[in-house]
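Below: one structure, written as C-alpha cells.
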Amino acid sequence: MQSVTDLKRSVSELEMTEDEALRELEVERALLEGELVPLREKLLADEERLEMLLQQSSALEEKCQQERSHHQQAIEACQTRLEQAERELDMLEGRSENFTGTTDEETEMLETLKAQHEAVEAERKVGVKKLRMNF
C-alpha cells in the first residue's frame with residue numbers, strides 16, 4: 001500500500017513537473033511569438049519598400065533608354081544634316097573652281113561658299129555637343 005501511495009505521489013509530482021514544463025514552454029512560445037510579430041511586420045515593410053524601389057528602378061531604366069534613343073535619333077539627324085551640308089559645300093567648291101562670271105557673281109558665289117562653310121562648321125559643333133551629352 002505504501003508503495004502504491006509512493007507511486008501515486010511520484011506520478012502526481014511528475015504530472016506537476018510536466019504541467020510546469022508545459023506552462024514554461026507556453027510562456028516561451030508566447031515570448032517568441034511576441035518577438036516574431038515585429039520581425040514579420042518589418043519583413044513585410046522591407047518587401048514593400050523593395051518592390052517600390054524595383055518599380056522605380058524599372059521606370060528610371062525605361063526613361064534612360066528613351067533618353068538614349070532620343071539622343072541617338074538627334075545625333076543621327078545631325079549627322080544627316082552635316083553630310084548634306086558637306087555635299088552642298090563640295091558642290092559649291094566644284095562650281096567655284098570652274099567659275100566664269102562677273103565680279104558681282106563671283107562675290108555672291110564666294111559669300112555663298114563662306115556661308116556654307118559656316119553651316120558645315122555649325123553642324124559639326126552641334127554634333128560634338130550632342131555626342132558629349134550622351135557621355
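No lab work stands behind these numbers, since they all come straight from the coordinates. From a predicted model like this one, the values you see are computed outputs, not experimental measurements. Note that each Cβ is placed from the backbone with ideal geometry, even for glycine, and that neighbours are counted across all protein chains shown.
Counting only aspartates and glutamates at least 8 places from K8 when in the same chain, those with an alpha carbon closer than 19 Å to its own are E18, D19, E20. When you restrict to C-alpha pairs under 8 Å that are six or more residues apart and normalise by the size of the chain, the relative contact order lands at 28 percent.
Computed with the Debye formula from one identical point scatterer per Cα of segment 1-57, without solvent, the log10 of I(q)/I(0) at q = 0.22, 0.28, 0.31 Å⁻¹ comes to -0.84, -0.98, -1.04.
Of all lysines in the structure, the ones whose alpha carbon falls short of 26 Å from that of K129, not counting any fewer than 8 places away in one chain, are K63, K114.
What is the ratio of the Cα radius of gyration of segment 32-109 to 2.2 N^0.38 Å, with N the residue count, to two decimals?
Working: Rg = 31.9 Å, N = 78, 2.2 N^0.38 = 11.5 Å.
In units of the globular-protein estimate, segment 32-109 measures up at 2.77.
For the chain, the residue among H117, L53, L14 whose Cα projects farthest onto the positive side of the dipole built from Cβ charges is H117. Normalised Debye scattering of the chain at q = 0.12, 0.19, 0.22 Å⁻¹ gives log10 I(q)/I(0) of -0.79, -1.07, -1.18, counting only Cα atoms as equal scatterers and leaving out solvent. When only the Cβ of Lys, Arg, Asp and Glu is charged (+1, +1, -1, -1), the dipole of the chain relative to its Cα centre reaches about 200 debye.
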